[in-house]
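First the structure, in the form of structure tokens, and then the observations on it.
The values are calculated or read from the model by the stated rules, or taken from the named source; none is laboratory data. All figures in this text were calculated on a predicted structure; none of them were measured in a lab. In this analysis, Cβ positions are derived from the backbone assuming ideal geometry, glycine residues included, and neighbour counts consider all displayed protein chains.
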């Protein structure tokens, strides 16, 4: 559905009609729900670099940043949760509700949230809006999570923001049953930093779920739902429908919902929620979508159908069909924010859109960090993400032989992840990252042997050794063989590999 038509002179209108027909046939059970919802049927200076900061060069500043990081790390981690927004609400109330000082675009889903957030940010910045972006987890530095105008806040500003709110954090800690968590404090820091800037709009990614996520103290003008699949099942539910119930909590009254393609049961939940709160819905494959895409040097060329019309010759410097769909969602979200499809049906300026998308970077997502042999990093950490990564690396690189380096976190569906990569990995080197949540290398290897067979599995408990082993295996075919290495399984694994391979 997202591939460019094969005829020499394709008609984009026909292509979109086909896309609509396919989507309509895919989920006919939604007709009754959709009849009760309002849907958008429009007639129709960007960020630089990769956004991954290195450690401060000033030793004193680096020590101060490490001290803040240690204080944050002493709190509940992101995987230990008390499903409540009570603590974050108490803190933000004391801080004067900084999250209400600007409009927001709120993003949830299972995969693609950070890339979509970065695209939305690039588009808004290109239209001369001052942006704040809050995403998680980080690839290398915690300061990545809070960005202003497309760049992570400086170490100095991160430290200053933390010190400014620390007394109020302690005050709330003393009044609550549980102390504020690592993520809750960071969320408050982001909202405070955005208000202090001040920003014109915040782009906010949920940490986990939606309803009780710490970010859900905002009332997003636009709620973005990226594709939902199984992840964090112990917290969110064991089916897409159950997970969608939790994630639909970010849909607020009178908001616009930009809905990526979803499993039918998950889409049903989202549309029911939209009806309940009188939200307007724009659905990928119906009101917007990918008309065509083709592989290009360094990324792909797209034609997108937006809420206000067609946007052609869009170069996106990211690989994979999933990123093309993320781009369509991001474009629709920004159009919705500007009132396209409701207040008016005019498309946004095409040159601005082209410039913005061409500037997008998404570190650790199909990112090439070395050549000869080519080493690619991708933060896929669940089966759906792994399938998307496998398709993307096959389409974009066409390696004659691909060696995988996999380091996963405990509690994940590692079998499903490995099974997604099995058809494309000639061999796999299993390892672990430095996180205390990392899955033991031998435990991971036991699963890998069941999936790949013992002769295709190598165990290297240290990540640096695993990278060296994989590169050596790739080099065995010779300099011009076309072999490559894909490092994946966890954002933490990818971040540490990025540092080891010199991308700091």
Filter segment 371-383 for residues that are modelled with pLDDT under 90 and farther than 25 Å from residue 111 by Cα; which is surrounded by the most Cβ atoms within 10 Å (Cβ to Cβ)? 372
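Could you tell me whether any residue of segment 475-482 is touching a strand residue (DSSP E or B) at 6+ places or on another chain (Cβ under 6 Å), assigned by TED's automatic domain parsing to the domain that holds residue 401 and buried (at least 17 other Cβ atoms within 10 Å of the Cβ)? Spell out the reasoning first.
We begin by selecting, within segment 475-482, every residue touching a strand residue (DSSP E or B) at 6+ places or on another chain (Cβ under 6 Å); these are 477.
After this cut, where a residue has to be assigned by TED's automatic domain parsing to the domain that holds residue 401 as well, the list is 477.
Those still in the list that are buried (at least 17 other Cβ atoms within 10 Å of the Cβ) too: none.
No - not one qualifying residue is present in segment 475-482.
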Checked segment 252-282 for anything over 18 Å from residue 339 (Cβ atoms) and not in a helix (DSSP H, G or I); matches are 259, 260, 261, 262, 263
Within segment 341-356, can you find the residues that are exposed (fewer than 14 other Cβ atoms within 10 Å of the Cβ) and part of a helix (DSSP H, G or I)? 351
When (1) touching a strand residue (DSSP E or B) at 6+ places or on another chain (Cβ under 9 Å); (2) in a helix (DSSP H, G or I) are applied to residue 485, the one that fails is (2)
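Could you tell me whether any residue of segment 176-190 is in a strand (DSSP E or B) and either surrounded by 24 or more Cβ atoms within 10 Å (Cβ to Cβ) or in the same structural domain as residue 135 (by TED's automatic domain parsing) (or both)? Full working, then the answer.
So the first thing to find is which residues in segment 176-190 are in a strand (DSSP E or B), and the list is none.
No, segment 176-190 has no match at all.
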Let me confirm something: among 478, 453, 410, which residue is farther than 23 Å from residue 320 by Cβ and modelled with pLDDT of 95 or more? 453
In segment 325-340, residue surrounded by the fewest Cβ atoms within 10 Å (Cβ to Cβ) [restricted to those that are in contact with a helix residue (DSSP H, G or I) (Cβ under 7 Å, 6 or more places away or on another chain) and farther than 20 Å from residue 279 by Cβ]: 327
Has segment 290-302 got at least one residue that is touching a strand residue (DSSP E or B) at 6+ places or on another chain (Cβ under 7 Å) and not in a strand (DSSP E or B)? no
Can you spot a residue in segment 263-274 that is closer than 12 Å to residue 226 by Cα, in contact with a helix residue (DSSP H, G or I) (Cβ under 9 Å, 6 or more places away or on another chain) and surrounded by fewer than 24 Cβ atoms within 10 Å (Cβ to Cβ)? yes
